[in-house]
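Student: Before I ask anything, here is the structure I am working with.
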Amino acid sequence: YPRSNNTQDRIILVYHGVDLVNKTSFNYRFFGQDDFLKQIRYLKKHFTLVPVQEIFSAKSSAKKNLLAITFDDGYRNNYLYAYPILEAEQAYATFFPTSILETAAKILWADAVDIYSSFLEKFLFNKLLFTKNARNKLYCDTIKQELNPYTMGLGYEEKLRLVELLKKASPLNLENEP
């Protein structure tokens, strides 16, 4: 949970998704509904929740302890599971929906990397060996980094190649998923 010792702080808290059961074994960027509700109540108690534009507004410069909630890479779960909680708690949030429907992909590449790699004990990519670590993520000792953060520095074509290689190596088939 965010904590602020400086009452002038302006914080933007980024969420990715909310699910029903807090199943973070595939994707640690998601929270369960119960945990999300607890977080929103905590945030309301310790911060003034505002729309994200107010964080940057000159009018709010005198206000203290501001926090804006955003949802990045917005999937349908943001609407189905997070929005009802935000509405019931009268909490602001800004959603940035994904444009994934404009592509042939069914899920975002970062989520595909998390899901496919969760089934693998080791994986070789770009001459780097990634092996399962204590967090159940593929980790490379050579670069001291997990696979998904490593992919942030890759170009688009390399990311596509990585996802294709992970698909082939993983027993999971997401092609038929809705």
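The values are calculated or read from the model by the stated rules, or taken from the named source; none is laboratory data. What you are looking at is a predicted structure, and each value in this text was computed from that prediction instead of being measured. Methodologically, a virtual Cβ is constructed for each residue, glycine included, from the backbone with ideal geometry; neighbour enumeration extends over all protein chains shown. Only protein heavy atoms, including side chains, enter the accessible area calculation; ligands, DNA and RNA are left aside. Shrake-Rupley method; radii C 1.70, N 1.55, O 1.52, S 1.80 Å.
Student: Just to be sure I understand, how many residues within segment 33-55 are touching a helix residue (DSSP H, G or I) at 6+ places or on another chain (Cβ under 9 Å), open to solvent by less than 40 Å² (accessible area, probe 1.4 Å) and in a helix (DSSP H, G or I)?
Tutor: Within segment 33-55, residues that are touching a helix residue (DSSP H, G or I) at 6+ places or on another chain (Cβ under 9 Å), open to solvent by less than 40 Å² (accessible area, probe 1.4 Å) and in a helix (DSSP H, G or I) number 2.
Student: Continuing with the same structure: Just one of Ala88, Ala82 is at pLDDT 90 or above, within 14 Å of the chain's Cα centre (by Cα) and more than 30 Å from Glu157 (Cβ to Cβ); which is it?
Tutor: Answer to the selection: Ala82.
Student: How many of the residues making up segment 155-171 are crowded, with 16+ Cβ neighbours inside 10 Å and in a loop (DSSP other than H, G, I, E, B)?
Tutor: 1
Student: Of everything in segment 71-90, what is outside any strand (DSSP E or B) and aromatic (Phe, Trp, Tyr)? Give them in sequence order. Don't jump to the end; show me each part of the working.
Tutor: The initial filter retains those residues of segment 71-90 that are outside any strand (DSSP E or B), namely 75-90.
Tyr75, Tyr79, Tyr81, Tyr83 - these are the residues of segment 71-90 that are outside any strand (DSSP E or B) and aromatic (Phe, Trp, Tyr).
Student: Starting from residues that are among the basic types (Lys, Arg) and open to solvent by less than 60 Å² (accessible area, probe 1.4 Å), keep the ones in segment 114-142 and report whichever is farthest from His16 (Cα to Cα).
Tutor: Lys132
Student: Going residue by residue through segment 63-70, is there one that turns out to be open to solvent by less than 50 Å² (accessible area, probe 1.4 Å), modelled with pLDDT of 85 or more and outside any strand (DSSP E or B)? Walk me through it before giving the result.
Tutor: If we filter segment 63-70 for residues that are open to solvent by less than 50 Å² (accessible area, probe 1.4 Å), which is where we start, we get 65-70.
Still in the list and also modelled with pLDDT of 85 or more: 65-70.
Now drop any that are not outside any strand (DSSP E or B), which leaves 65.
Yes, segment 63-70 contains a residue that is open to solvent by less than 50 Å² (accessible area, probe 1.4 Å), modelled with pLDDT of 85 or more and outside any strand (DSSP E or B).
Student: Please enumerate the residues belonging to segment 109-129 that are modelled with pLDDT under 85 and either touching a Cys at 6+ places or on another chain (Cβ under 6 Å) or closer than 12 Å to Thr151 by Cα (or both).
Tutor: If the condition is that a residue be modelled with pLDDT under 85 and either touching a Cys at 6+ places or on another chain (Cβ under 6 Å) or closer than 12 Å to Thr151 by Cα (or both), then Trp109, Ala110, Asp111, Ala112, Asp114 are the ones that fit.
Student: Starting from segment 130-155, keep only residues that are at negative phi and at pLDDT below 95, then list their pairs with residues that are part of a loop (DSSP other than H, G, I, E, B) and exposed (fewer than 12 other Cβ atoms within 10 Å of the Cβ) whose Cβ atoms are within a distance under 6 Å, requiring at least 6 positions of separation or different chains.
Tutor: Cβ pairs passing all conditions: Lys132/Glu121.
Student: Answer yes or no: is there a residue in segment 91-108 that is open to solvent by less than 40 Å² (accessible area, probe 1.4 Å), of a type in the set (Asp, Glu), assigned to a helix (DSSP H, G or I) and modelled with pLDDT under 90.
Tutor: no
Student: Closer than 30 Å to Asp34 by Cβ, open to solvent by less than 60 Å² (accessible area, probe 1.4 Å) and in contact with a Lys or Arg (Cβ under 8 Å, 6 or more places away or on another chain): does that describe Ala82?
Tutor: no
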